[in-house]
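The values are calculated or read from the model by the stated rules, or taken from the named source; none is laboratory data. Keep in mind it's a predicted model, so treat the numbers as computed, not measured. Here the Cβ is made from the backbone with ideal geometry for all residues, glycine too, and neighbour counts use every protein chain on show. Areas reflect the complete protein model, heavy atoms only, side chains present, ligands, DNA and RNA absent. Shrake-Rupley method; radii C 1.70, N 1.55, O 1.52, S 1.80 Å.
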Amino acid sequence: MTNKSVRLAVVGASRGAYLTGTMKYLEEQAELAAICDRNEGALGRWKEKFPDVKRFDSFERMLEDPDIDAVLLATPMMMHAQQSVQALKAGKHVISEVTAATTLEQCWELVETVEQTGLVYMMSENYCYTRPNMMLKHMIRGGLFGELTYMEGGYIHDCRHLMHDANGNLTWRGEKGRQYDGNSYPTHSLGPVAQWLAAGDPTDELDMATTFTTRSASTNAYFKEVFGPDHPGASDVFWKHGDSASTLIRTKKGTVIMLRFDARSARPHNMTHYEIQGTKGAYLSPRYGGDDHLIWLDGHSKGSAPVGTDGCDPEWESLWHYTDQWEHPLWKSNLADAEKAGHGGGDFFVLREFANAILENRRPAIDVYDAVTWSSVFPISVKSVEAGGIPVKFPDFKRGRTSAPGSNGYRA
């Protein structure tokens with residue numbers, strides 16, 4: 001690529017519309033070159049807003065365009081792996097919305113394709129880039145939490161209304177709930193946690209996971225209430241996916257991680273539910289609107305542990321008390337633009353990192369190995385649930401990884 005910015009095609013007009021709003025802050029790194037969607041109405045709306053941008057109703061024809069350097073996949077998640085492989089083989093760099101893949105076979109094919117093509121692939125896990133999550137990673141790398149022993153990640157967001165259309169027909173989210181039982185949307189929970197793990201000990205890795213799910217009581221009740229008792233979704237045998245999935249992961253060095261995914265239970269949103277426990281400190285994310293990010297650090301916060309050993313009990317304090325010293329450098333230098341972007345600044349940073357990785361010919365911060373490892377919780381959890389909750393080992397997706405100087409980090 002010889003041009004000075006990445007010419008990006010967005011695939012998926014609905015979610016893509018949110019992401020393109022971020023691109024005005026990244027004019028030096030990326031430019032919107034095309035939009036692709038099978039829906040003519042969606043393409044028409046894009047024409048009004050971006051009259052000079054190319055429009056395609058065929059993914060295959062779009063990939064033939066030599067004026068496109070990279071594609072952003074904002075399509076239903078069941079399509080991500082196949083479309084990523086197609087785009088890479090067509091010579092396009094790829095940034096994919098989560099998850100990267102839904103089966104282990106897709107994970108391996110994606111890794112092999114990235115290694116064979118040498119192109120940049122990144123998963124757009126924007127929760128890794130929120131301001132508190134980046135700040136916590138900076139603090140962990142600085143040793144403030146000591147050794148990490150336990151962490152939690154949770155994505156709890158009632159999305160039952162997105163499982164169907166106005167007539168009660170299932171959308172892709174509904175079909176996913178019909179066909180699979182497991183932790184089917186793990187990366188918002190695991191992505192930041194995995195990066196914290198690496199910041200604390202880069203040599204540690206995910207080892208095995210076990211998953212249990214609840215029955216689909218809230219889902220059944222919802223479909224019965226909205227569409228009546230004769231709708232198939234009102235039956236307690238229609239859905240495979242339980243309302244809530246809990247995955248317990250053990251790393252090779254003994255850190256334990258608890259993940260929760262729940263997009264079907266009736267409750268207020270709690271989409272960023274995290275916890276960190278180390279030998280020298282702890283963190284609790286907000287549990288409801290208006291709650292604060294809470295932290296306690298031995299030797300910095302008030303009190304000591306065990307309780308009262310210095311005559312003063314340990315007390316939680318706000319994470320933001322440490323902003324001046326421990327704000328992540330990326331947020332410190334990009335605060336104004338990032339705060340205007342979606343997902344707590346995450347959309348800004350993932351697009352920026354992807355474009356810079358292409359322009360600098362290097363591996364992105366969330367590369368294909370991260371993408372498939374975090375995404376593999378989906379198929380691993382399905383296997384665990386089917387077998388009654390047995391622990392399932394994580395594959396070693398990095399077995400083909402190289403770090404040859406002068407390369408972008410992928411095997412040629």
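Taking the Cβ of Lys240 as the center, what net charge do the other residues with Cβ under 13 Å away carry, scoring Lys and Arg +1 and Asp and Glu -1?
The answer is -1.
Towards the positive end of the charge dipole of the stretch 205-303, with charges on Cβ (+1 Lys, Arg; -1 Asp, Glu), say which of Ala234, Thr214, Gly299 has the farthest Cα.
Gly299
Between Asp207 and Arg267, what is the spin-label point distance in nm, taking each point 7 Å from the Cα along the Cα→C-beta axis?
Distance between label points: 3.0 nm.
So what's the net charge close to Trp331: Lys and Arg +1, Asp and Glu -1, counting the other residues with Cβ under 15 Å from its Cβ?
Net of charged neighbours comes to 0.
Rounded to the nearest 500 deg cm²/dmol, what is the calculated helix-only ellipticity per residue at 222 nm for the chain, with -39500 (n - 2.57) per DSSP H run of length n ≥ 4?
Result for the chain, helices only: -9500 deg cm²/dmol.
Want the number for Lys224 to Arg362: 0.36 nm per residue separation, take away the alpha-carbon distance, what's left?
44.5 nm
Could you calculate the FRET efficiency of Glu339 with Asp52 from 1/(1 + (r/R0)^6), where r is the beta carbon distance between them and R0 is 25 Å, rounded to 0.05?
0.30
What full-extension length gain, to one decimal in nm, is calculated for Leu162 and Lys280 as 0.36 nm per residue of separation minus the Cα-Cα distance?
38.3 nm
May I ask which residue of Met258, Trp374, Gln325 lies farthest towards the positive end of the charge dipole of the stretch 255-402, with charges of +1 (Lys, Arg) and -1 (Asp, Glu) on Cβ and the Cα centre as origin?
Projecting each Cα onto the dipole axis, the largest value belongs to Trp374.
Extending each Cα 7 Å along its Cβ direction at His300 and Asp236, get the distance between those two points in nm, one decimal.
Distance between the two pseudo-spin positions: 4.9 nm.
I'd like the projected area of the chain, averaged over all directions, using the convex hull of its alpha carbons. Report it in nm² with one decimal.
Computing the convex hull of the Cα atoms and averaging its projections yields 21.4 nm².
Taking 41 Å as R0, compute the FRET efficiency from the Cβ-Cβ separation of Gln179 and Tyr150 and round it to 0.05.
Between Gln179 and Tyr150 the formula returns 0.80.
Restricting things to alpha carbons, find the Rg to Rh ratio for the stretch 357-402 using the Kirkwood radius for Rh.
Using Cα coordinates only, the ratio equals 1.16.
Please report, ordered by residue number, every helix of the chain (full DSSP H runs) that is 18 Å or longer along its axis going by C-alpha atoms and whose mean Kyte-Doolittle hydropathy reaches 0.0.
187-200, 346-359
Any idea which of Met135, Leu110, Asn167 is furthest toward the positive side of the dipole for the chain, if Lys and Arg beta-carbons carry +1 and Asp and Glu beta-carbons -1?
The Cα lying farthest towards the positive end belongs to Leu110.
For Leu248 and Lys332 in one chain, what is 0.36 nm times their gap in residues minus the Cα-Cα distance, to one decimal in nm?
Gain on stretching Leu248 to Lys332: 26.8 nm.
If I compute solvent accessible area with a 1.4 Å probe over the protein chains, what percent of it on the chain is carbon and sulfur?
50
Highest GNM mean-square fluctuation, the chain, Cα pairs closer than 10 Å: which of Val11, Val53, Val71?
For the chain, modelled as a Gaussian network with Cα springs under 10 Å, the answer is Val53.
Run the dipole for the stretch 225-381 about the Cα centre, Lys and Arg Cβ at +1, Asp and Glu Cβ at -1, nothing else charged, and hand back the magnitude in debye, nearest 20.
Using only the charged Cβ atoms, the result is roughly 600 debye.
Over the stretch 6-75, with the other protein chains present, what is the accessible area per residue in square angstrom, probe 1.4 angstrom?
Ligands and nucleic acids excluded, the result is 51 Å² per residue.
For Arg287 and Glu27, FRET efficiency with R0 = 41 Å and r from the beta-carbon atoms, rounded to 0.05?
Calculated transfer efficiency: 0.60.
Excluding ligands, DNA and RNA, what is the solvent-accessible area per residue of the stretch 169-293 at a probe of 1.4 Å, expressed in Å²?
Each residue of the stretch 169-293 exposes 44 Å² on average to a 1.4 Å probe.
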